[in-house]
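What follows is a single structure, written as structure tokens, with notes after it.
The values are calculated or read from the model by the stated rules, or taken from the named source; none is laboratory data. Computed from a predicted structure; not experimentally measured. Here the Cβ positions follow ideal geometry from the backbone for every residue, glycine too, while neighbour counts run over all protein chains shown. Accessible surface is based on the protein model in full, side chains and every heavy atom, while ligands, DNA and RNA are left aside. Shrake-Rupley method; radii C 1.70, N 1.55, O 1.52, S 1.80 Å.
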Amino acid sequence: MAQYLAITGGVGGAKLALGLTHILSPQELTFLVNTGDDFEHLGVHVSPDIDTLMYTLSGLSNPETGWGRVNESWNFIATVRELGGDGWFNLGDRDLAIHTLRTQALSAGEPLSAITKRMFETLGVAYPVYPMSDKPVRTMVDTAQGELGFQHYFVREHCEPVVTGLRFIGAEDAAAPPSITQLLLSNELQGIIICPSNPFLSVDPILAVNGLRDALKSASAPLIAVSPIIGGTAVKGPTAKIMAELELQVSTVAVAEHYGDLLDGFIIDQTDRDLKSRCEALGVETVVAQTLMKTLDDRVNLAQTAVKFLSSLR
């Protein structure tokens with residue numbers, strides 16, 4: 001049976017992931033998720049990108065924010081703040097149950113991949129979902145104010161410090177899940193999709209895992225990416241800000257250059273159709289489509305475009 005691998009992190013990645021589940025079965029589609037954002041807060045292990053995907057695919061995501069659970073309550077974190085505790089990171093009451101059970105299982109020696117599988121299945125999601133590694137890899141942001149852990153930069157500091165560099169601590173000692181390694185070697189793999197996630201904060205941590213970039217590059221199936229930049233700005237999050245601070249041109253062309261020789265194909269928004277030839281000048285076949293996903297139909301249509309594109313590249 002034809003197999004596809006989707007690489008994802010954050011809200012933008014989860015949107016396309018949902019679209020893909022409407023056209024591909026659990027037997028056809030596997031997800032690899034960023035865990036560079038993971039951290040421990042108030043004694044619990046938080047896996048933001050895994051949870052964003054889990055809530056999105058299970059129909060429990062907050063439609064207003066794209067992250068967290070729908071109909072959430074905030075009594076726990078409100079009380080933490082009242083007591084003078086470290087309450088800068090919002091932990092919803094229902095969300096806290098996930099973090100607590102994950103922390104207990106990790107403390108008992110269970111790998112994150114097994115915990116993730118059980119939680120997705122419990123919430124009715126049959127698609128195989130893997131963290132990028134069972135070993136911890138932590139995204140550290142070098143800023144003009146010093147080094148910050150990702151969540152401290154992203155949430156506590158609201159992405160305000162100027163970014164001068166990024167490091168992924170533990171990546172050299174980490175390894176992709178064996179099931180992902182086997183899938184990349186499989187003749188049944190028909191395509192790899194890098195979702196429109198932040199290339200620097202959501203995708204680069206995955207590519208930094210020891211051996212994974214080379215494995216993706218060596219796979220016989222074509223690899224495409226969807227640009228998160230539309231019309232010189234990011235749909236969501238600090239992608240454009242980081243690109244400017246790293247002295248990169250804030251454009252979809254710069255995203256294609258960043259992924260470099262990994263790419264066999266690239267999908268850009270119709271707003272950027274004038275940049276198609278510049279992307280193709282990099283040696284990457286480029287398709288123009290509507291990549292802004294406001295509705296479920298938008299997500300499904302982009303997923304169909306991606307799968308059709310991969311078929312044309314095989």
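Counting Lys and Arg as +1 and Asp and Glu as -1, each charge on the Cβ, what is the dipole of the chain about the Cα centre in debye, to the nearest 20?
Details: 22 positive and 36 negative charges, 117 e Å.
Charge dipole, the chain, about its Cα centre: 560 debye, nearest 20.
Which shape class, rounded, prolate or oblate, goes with the stretch 36-118 when its Cα gyration tensor gives a ≥ b ≥ c as root eigenvalues, a/c under 1.5 marks rounded, and past that a/b bigger than b/c marks prolate? Intermediate values should be presented prior to the final figure.
Values: a/c = 2.06, a/b = 1.14, b/c = 1.80.
Oblate shape, in that a/c is at least 1.5 and b/c is the bigger or equal ratio.
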### Message
Tell me the angle of helix 296-313 to the major Cα principal axis of the chain, expressed in degrees between 0 and 90 and rounded to the nearest ten.
### Response
50 degrees
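Based on alpha-carbon atoms only, what is the radius of gyration of the stretch 117-180 relative to the globular estimate 2.2 N^0.38 Å? Numbers along the way, then the final one.
Details: Rg = 15.7 Å, N = 64, 2.2 N^0.38 = 10.7 Å.
Relative to the rule-of-thumb radius for its length, the stretch 117-180 sits at 1.47.
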### Task
Consider the candidate values (1) 6, 23, 26, 20, 13, 9, 3, 0; (2) 6, 28, 37, 23, 6, 1; (3) 6, 25, 31, 19, 9, 4, 3, 2, 1, 0, 0; state which one is P(r) over Cα pairs in 10 Å bins from 0, in percent computed from the structure displayed.
(2)
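Mean projection of the alpha-carbon convex hull of the stretch 148-208 over all orientations, in nm²?
Details: hull surface 22.0 nm².
Its average projected convex-hull area is 5.5 nm².
Out of all DSSP beta bridges in the chain, what portion is antiparallel? Express it as a percent rounded to 5. Before the final figure, lay out the partial values.
Details: 16 of 40 bridges.
If we restrict to bridges inside the chain, about 40 percent are antiparallel.
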### Query
Taking a quarter of the surface of the convex hull around the Cα atoms of the stretch 176-314, what do you get in nm²?
8.3 nm²
### Task
Provide the per-residue ³J(HN,Hα) series for the stretch 213-219, in order, calculated from phi with Karplus coefficients 6.51, -1.76, 1.60 and θ = phi - 60°, each as a whole number of Hz, with x at glycine and proline positions.
4, 5, 5, 5, 5, 7, 4
## Note on the structure
The percentage of the accessible area of the chain (probe 1.4 Å, all protein chains present) made up of carbon and sulfur atoms, to the nearest whole number, is 50 percent
### Message
As I understand it, the dipole of the stretch 13-117 uses +1 on the Cβ of Lys and Arg and -1 on the Cβ of Asp and Glu, about the Cα centre. Which of L57, L24, S107 lies farthest toward its positive end?
### Response
L24
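Under a Cβ-only charge scheme (Lys and Arg +1, Asp and Glu -1), can you give me the dipole magnitude of the stretch 177-281 about the Cα centre, in debye to the nearest 20?
Details: 7 positive and 12 negative charges, 34 e Å.
Rounded to the nearest 20 debye, it is 160 debye.
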### Message
Please compute the Kirkwood hydrodynamic radius over the stretch 113-232, one decimal place, Å, based on all pairs of different Cα atoms.
### Response
16.2 Å
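For a test of the definition: using alpha carbon positions, the gyration tensor, and the 1.5 limit on a/c, classify the stretch 1-73 as rounded, prolate or oblate.
On the way: a/c = 2.56, a/b = 1.53, b/c = 1.67.
It is oblate, given that a/c is not under 1.5 and a/b is not larger than b/c.
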### Message
When a/c reaches 1.5 or more, the comparison of a/b and b/c decides; with that in mind, is the stretch 60-106 rounded, prolate or oblate per its Cα gyration tensor?
### Response
oblate
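Can you run the Rg to Rh ratio on the stretch 88-157? Use alpha carbon positions and the Kirkwood inverse-distance Rh. Let's see the in-between values first.
Values: Rg = 14.9 Å, Rh = 14.2 Å.
Taking Rh as the inverse mean 1/r over Cα pairs, Rg/Rh reads 1.05.
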### Query
Which is farthest toward the positive dipole end of the stretch 61-157 among V141, A97, G84, measuring Cα position about the Cα centre, with Cβ charges +1 (Lys, Arg) and -1 (Asp, Glu)?
A97
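Find the accessible area per residue for the chain; the probe is 1.4 Å, ligands and nucleic acids are left out, and the unit is Å². Mind showing how you got there, number by number?
Numbers: 13370 Å² over 314 residues.
For the chain, the solvent-accessible area averages 43 Å² per residue.
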### Task
Consider a paramagnetic label point 7 Å from the Cα of S179 along Cα→Cβ; state which residues of the stretch 96-137 have an amide N under 13 Å from it.
111-122, 125-134
### Query
In whole angstrom, how far apart do the alpha carbon centroids of the stretch 192-226 and the stretch 137-176 sit?
19 Å
### Query
Nearest 10 degrees, 0 to 90: what angle lies between the long axis of helix 93-107 and the longest principal axis of the chain (Cα atoms)?
90 degrees
